[in-house]
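J.: Take this structure first; my questions come after.
The values are calculated or read from the model by the stated rules, or taken from the named source; none is laboratory data. Just so it is clear, the structure is predicted and the values come from calculations on it, not from any experiment. Because the Cβ atoms are built from the backbone with ideal geometry, glycine has one as well, and the counts that use them run over all protein chains shown. All accessible areas refer to the heavy atoms of the entire protein, side chains included, with ligands and DNA or RNA removed. Shrake-Rupley method; radii C 1.70, N 1.55, O 1.52, S 1.80 Å.
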Amino acid sequence: MRGLASSGTIPFGGGVHVLLEHSNRGKQSLGLDLASEEGLDILYRLAKTCDVFLTNKLPSVRTKLKIDIDDIRAHNPDIIYVRGTGHGERGPDADRGSYDSLAYWCRAGIALGVKRHDDVPPPPAPAFGDSIGAMTIAGGIMGALFHRERTGEATTVDVSLLGTGIWSMGGAMALSLQFRQGWAAGPPGRPSGNPLVSTYRTKDDRFISLCCLQAGKYWREACQVLGRPELADDERFADAAAITTNAGAAGELVAEAFAERTLDEWRERFAPFSGQWAVVQDTLEAAADPQTVANGYVVDCATADGTPFQLAAAPVQFGEQSAQPRRAPEFNEHGDAILGELGLDMDTIVDLKVRGVVA
């Protein structure tokens, strides 16, 4: 991530590399040459002090670097060994590298699941699948720690971008397997229609999404909010079955109603509505959303020199408090301190630096 920023591949402005900060918050940094015997020895000494060893290296690279499970557990048999991969530990592509845009987005079926035009859509955000995969890894690690605490067994944890993507598409996957029809070819088994489960354009070219799964329950109230009370007594929409049968006509009428007012007007009219709805927002709007602010879903942070910036908070809260992120480390920022904690004196550390074993 640091290298991509310095090469200009990733935007970097305002004195803050926010993508580096997002994925490296709160970490410590030690630059270590694992191709050297002394560098590898330092890693093993670190492993003795740790509960978890996490790597995203491919199987062949782990073997080459001597950091595979047997190598690490030779120095700490109780350590939990965690592998984050592109395609999983087994199979013909286990030793092939990947990115979230490939294994998570394209290979798992998500890209075709959202395809609407001739072009295959890219992921909606940088590191989209990586962030979801990372949260999955975090949950797996917590489960493994709990398992070890209860049973004494140190297990392994495996999470792949492909597996996480398939899980993200789990509902579609279940229906596809049941009806033997790929989701991209059309949602198999989906009901013929519900006008209250759709997205509609407003007068000022914004969008409101409705997701009232119980059409019969919410239809009369929705008609009032939409300014079409007469539709509630229309025999074409007399009950849930009738609404489903005439969903096309109902949807056109709902769309016409939405096109008559602006987003702000609809916000006001829908405020008391008991059904489920949301404004289609961009990321800046989501950050300023009253619910985001009230729950601390975006948090303040600062770089090492005090430059302020903001990040999305970790989505899990403990004790009703949002996680307060510490900044990402500078490269090798904690090298001397980590080596000192391992018992190395300053003369030894300087010698290691001179010989390129540590940064």
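J.: Test each condition in (1) within 28 Å of Lys48 (Cα to Cα); (2) open to solvent by 80 Å² or more (accessible area, probe 1.4 Å) for Gly84 and report the one that comes out false.
T.: Every condition holds for Gly84 apart from (2).
Yes or no, residue by residue, for (1) surrounded by 15 or more Cβ atoms within 10 Å (Cβ to Cβ); (2) more than 22 Å from the chain's Cα centre (by Cα); (3) outside any loop (DSSP other than H, G, I, E, B); (4) of a type outside the set (Val, Ile, Thr):
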site: His22; (1), (2), (3), (4): yes, no, yes, yes
site: Lys27; (1), (2), (3), (4): no, no, no, yes
site: Ala35; (1), (2), (3), (4): no, yes, no, yes
site: Ala47; (1), (2), (3), (4): yes, yes, yes, yes
site: Cys50; (1), (2), (3), (4): no, yes, no, yes
site: Phe53; (1), (2), (3), (4): yes, no, yes, yes
site: Ser60; (1), (2), (3), (4): no, yes, yes, yes
site: Ile72; (1), (2), (3), (4): yes, yes, yes, no
site: Pro77; (1), (2), (3), (4): no, yes, no, yes
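J.: Let me ask something additional. Please go through the range 207-250 and pick out each residue that is within 33 Å of the chain's Cα centre (by Cα) and surrounded by fewer than 18 Cβ atoms within 10 Å (Cβ to Cβ).
T.: Result: Phe207, Ser209, Cys211, Leu213, Gln214.
J.: Follow-up. Can you tell me which condition Pro122 does not meet? The list is (1) surrounded by 15 or more Cβ atoms within 10 Å (Cβ to Cβ); (2) over 25 Å from Arg83 (Cβ atoms), and all the others hold.
T.: Pro122 satisfies every listed condition except (1).
J.: Residue by residue through the range 297-338, note down the ones that are in contact with a strand residue (DSSP E or B) (Cβ under 8 Å, 6 or more places away or on another chain), within 16 Å of Ala287 (Cβ to Cβ) and either in a loop (DSSP other than H, G, I, E, B) or open to solvent by less than 70 Å² (accessible area, probe 1.4 Å) (or both).
T.: Across the range 297-338, the qualifying residues are Tyr297, Val298, Val299, Cys301, Phe309, Leu311, Ala312, Ala313, Ser322, Pro325.
J.: Could I ask something else about it? Restrict the check to the range 244-253 and report whether at least one residue is assigned to a loop (DSSP other than H, G, I, E, B), touching a residue at least 12 places away in the same chain (Cβ under 8 Å) and out of contact with any Cys (no Cβ under 9 Å at 6 or more places or on another chain).
T.: There is no residue in the range 244-253 that is assigned to a loop (DSSP other than H, G, I, E, B), touching a residue at least 12 places away in the same chain (Cβ under 8 Å) and out of contact with any Cys (no Cβ under 9 Å at 6 or more places or on another chain).
J.: Sticking with this structure for a sec: Condition first: assigned to a helix (DSSP H, G or I) and either open to solvent by 50 Å² or more (accessible area, probe 1.4 Å) or of a type in the set (Lys, Arg) (or both). Now tell me which residues in the range 132-158 satisfy that.
T.: Within the range 132-158, Ile132, Ala134, Met135, Thr136, Met142, Leu145, Phe146, His147, Arg148, Glu149, Arg150, Thr151 meet the criteria.
J.: Among all residue pairs at least 6 apart or on different chains, which show Cβ distances below 7 Å where the first residue, located in the range 49-64, is among the aliphatic types (A, V, I, L, M) and the second is part of a helix (DSSP H, G or I)?
T.: What qualifies is Val52/Ile141.
J.: Scan the range 268-277 and give yes if some residue there is modelled with pLDDT of 95 or more, outside any loop (DSSP other than H, G, I, E, B) and crowded, with 16+ Cβ neighbours inside 10 Å, otherwise no.
T.: Yes: the range 268-277 contains one or more residues that are modelled with pLDDT of 95 or more, outside any loop (DSSP other than H, G, I, E, B) and crowded, with 16+ Cβ neighbours inside 10 Å.
J.: Also, quick follow-up: Of the numbered conditions (1) without any contact (Cβ under 8 Å) to a residue 12 or more places away in the chain; (2) at positive phi, Ala127 satisfies every one except a single condition; which is it?
T.: Of (1) without any contact (Cβ under 8 Å) to a residue 12 or more places away in the chain; (2) at positive phi, only one is false for Ala127: (1).
J.: Let me ask something else about it. Have a look at Leu4, Leu40 and point out the one that is closer than 21 Å to Ala359 by Cα, among the hydrophobic types (A, V, I, L, M, F, W, C) and open to solvent by less than 60 Å² (accessible area, probe 1.4 Å).
T.: Leu40
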